[in-house]
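Just so it is clear, none of the values below were taken in a lab; they were calculated from the coordinates. Given the structure is predicted, the values throughout are model-derived calculations rather than measurements. Every residue, glycine among them, receives a Cβ derived from its backbone with ideal geometry; neighbour counts consider all protein chains shown.
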Amino acid sequence: MSEMTQTAAKPHIERSATASRTYTIFVIIGLAALILAPMFFYPIFLMKLLCFALFACAFNLLLGYTGLLSFGHATFFGGAAYFTAHVVKEWGFPPELGILTGVVGAALLGLVMGFFAIRRQGIYFAMITLALSQMFFFFCLQAKFTQGEDGIQSVPRGHLFGFIDLNSSTNMYYFVLGVFLIGMVIIWRFINSPFGMILRSIRENEPRAISLGYSVARYKLGAFVMSAALAGLAGGLKSLVFQFATLTDVAWQMSGEVILMTLLGGIGTLIGPIFGAGLVVTLQNYLATSQFPVTIVTGVIFMICVLVFRRGIIGEFYASRLGRKLGFEHRR
Amino acid sequence: MTMIFGIPLQAFLGQLLIGLINGSFYALLSLGLAVIFGLLRVINFAHGAQYMLGAFAAMLMLEYFGINYWVALILGPIVVGLFGAIIERTMLSRLYDLDPLYGLLFTFGLALTIEGTFRYLYGAAGQPYSVPTQLAGGTNLGFMFLPIYRGWVVVVSLVACIGTWLLIEKTKLGAYLRAATENPVLVQAFGVNVPVLLTLTYGLGAALAAFAGVLAAPIYQVSPLMGSNIIIVVFAVVVVGGMGSIMGAIITGYMLGIAEGLTKVFYPEASNIVIFVIMAIVLLLRPAGLFGRDA
């Protein structure tokens, strides 16, 4: 294993120079597309897409870069949506503070859930996160401030920093885009930091990371809280975009959806989940008008992805001849 | 009226019985999960869907072919077991060399597909399935009223649990199963057809879930959502018990069902979450689970 890594190390450096150049070009094209997009698409659709893309990238931080499959990320997304909606609507917080409250709340929830879940590994980890998130669902169902089945409705978007009116959908779109980009930069910095490297070593070989003296549990918890906080950022943003927070956001189906987005886009690739989220959201929009239930389509895509398409869209692209020519390698 | 802990005895025993019934289903389902996990290293997320399929099988057989409860109790599990075996042979078996998480994700997709299909065809609302005439009515035990069907469910599920335990611990087939759990390559070298054993195991697990589903049909309403509601609780049960031991799964299932029933008496608001709370406490005190061998 270690010999393989060593021989592979040198060409990797040469290639990554080409890769980072291509990457820069792609990022510039992507940014331009996102800035111009409201001219061509319905802003609400684009904002929904960006929220879910950020959510999926936050989730991927845990699955792709730490190797932990959480089945409870709806708790952080939906929990933050509730917190933001509540403080903005009932306490009159400005939007930026509202989202911050959502992020802090989600991070705290992540701390608690992570504390229990990291006591077990692999499949058990997935089951524990699912069970705890179901517990949070029942809490939201019964708690007063979530208003039960109705959810928190007509949340005001307010004025950003006191003077930018977010009720204009153009303003709101660029605000969402800004938050999305900040989130992406944080994720990018995080996975390329020494902390992120250690997380990857835990993913590759946990016993070895332990024997090297790393306190694996603490790193896992750190990654869990980080991922939860970023999922909360997406959730808080979502409740301002749609102006409501409901039980759908905390239900287990939501946790399943974010897994699908990540799987479809490419586990362990930085931008894969964005594409996965884009596809899933588009599909949902498309099917929303027909009678055919989304669940069946989602389920079938899940099965196909796991059986024959495990690298996901971006993973396949990186591994393809074109991808390799451009200097990418399959990164997983 | 007799009181116990400030609660009328009747209400107390009534909830205890409901707890015992729920516990029977938890035990049957977590048993199936443990059997499948033991050999295949796959957590069968579709277990809830297969439970739902069992209930639907009973209902549809009655509706279209006039097949009664007793035949459905045998035929339902066979049909669902065969369906499970086909899924295992054609798809699930391709995932054994991968990270076990892929098995979980695949069966999750399978569960979504099955649930979505039945929701599309039959709507989300529950449909009643009547108690067979032989087991209708109830009997007065002197201290409480016992609906006969509920008593039957407790007895039958106990028999099914013990039967499965005996099958795995005391028969030759069970010995093969346990050996293949420890070392599949070696068992294969001794001339046992391990892939067939895996298919059989998955089919058996699915059949057990469907058996529980047929049993549940007259008690709960037959609804496409009944599976996903129960499977998450069963996952918590499995985390508490640890999947290392078959008997552990059975005992934990009953214990947690009863704990849930008793919570309904004393603090109804928490009855939805009490199993999850117990799971959290067990994780703190004994991270490997009550009967678990693996950390």
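By the count of other C-beta atoms within 10 Å, a proxy for reagent exposure, A:Leu230, A:Leu62, B:Leu82 are ordered fewest to most as B:Leu82, A:Leu62, A:Leu230. Computed from backbone phi with θ = phi - 60° and the Karplus coefficients 6.51, -1.76 and 1.60, the 3J(HN,Hα) list for the range B:132-141 is x, 4, 4, 10, 6, x, x, 9, 8, 7 Hz; x is used for glycine and proline. Residue by residue along B:110-120, Cβ atoms of other protein chains within 10 Å of the local Cβ number 6 on average. Every Cα-Cα pair in the range A:116-189 was counted, and those over 21 Å apart are 62% of them.
Residues whose amide H falls under 5 Å from that of B:Ile7, counting only those 5 or more places apart or on a different chain, are absent, with hydrogens built in the peptide plane. Put simply, the convex hull of the Cα atoms in the protein assembly as shown casts, on average, a shadow of 31.5 nm². Calculated FRET efficiency, A:Leu97 to A:Arg208, Cβ-Cβ distance, R0 = 51 Å: about 0.70 to the nearest 0.05. Only Lys, Arg, Asp and Glu carry charge here, each on its Cβ (+1 for the first two, -1 for the last two); on that basis the protein assembly as shown has a dipole of about 1220 debye about its Cα centre. Once backbone amide H atoms are built at 1.01 Å from N, B:Gln127 has B:Val222, B:Ser223 as its partners under 5 Å, excluding neighbours fewer than 5 places away on the same chain. For the peptide B:94-107, the mean number of other protein chain Cβ atoms found within 10 angstrom of a residue's Cβ is 5. Semi-axis lengths, largest first, of the ellipsoid equivalent to chain B are 31, 24, 18 Å, with √(5λ) applied to each eigenvalue of the Cα gyration tensor. With loop membership from DSSP and a limit of 14 other Cβ atoms within 10 Å, the longest segment of chain A without GluC sites (Glu not before Pro) is A:150-332. Across peptide B:269-281, the mean count of Cβ atoms from other chains lying within 10 Å of each residue's own Cβ comes to 4.
Residue pairs exceeding 27 angstrom between C-alpha atoms, taken from A:Lys144/A:Lys238; A:Lys238/B:Lys264; A:Lys144/A:Lys220: A:Lys238/B:Lys264; A:Lys144/A:Lys220. Placing a pseudo-label 7 Å from each Cα along the Cα-to-Cβ vector at A:Ile28 and B:Arg41 gives an inter-label distance of 4.7 nm. Label-to-label distance, B:Ile78 versus A:Ala319, with points set 7 angstrom from Cα along the beta-carbon direction: 4.3 nm. Note on chain A: GNM, Cα springs under 10 Å; of A:Thr269, A:Thr246, A:Thr295, the largest mean-square fluctuation is that of A:Thr295. Here the alpha carbons of the range A:85-219 define both size measures, Rg and Dmax, at 19.3, 55 Å. Placing dummy labels 7 Å off each Cα toward the beta-carbon, the span from B:Gln134 to A:Ile182 is 6.9 nm. Counting neighbouring beta carbons within 10 Å and listing from fewest to most, the residues B:Leu39, B:Leu53, A:Leu247 come out as A:Leu247, B:Leu39, B:Leu53. The rule of thumb for compact globular proteins, 2.2 N^0.38 Å, goes into the C-alpha radius of gyration of the range A:12-325 0.98 times. Out of every Cα-Cα pair that the range A:221-270 contains, those further apart than 18 angstrom amount to 42 percent.
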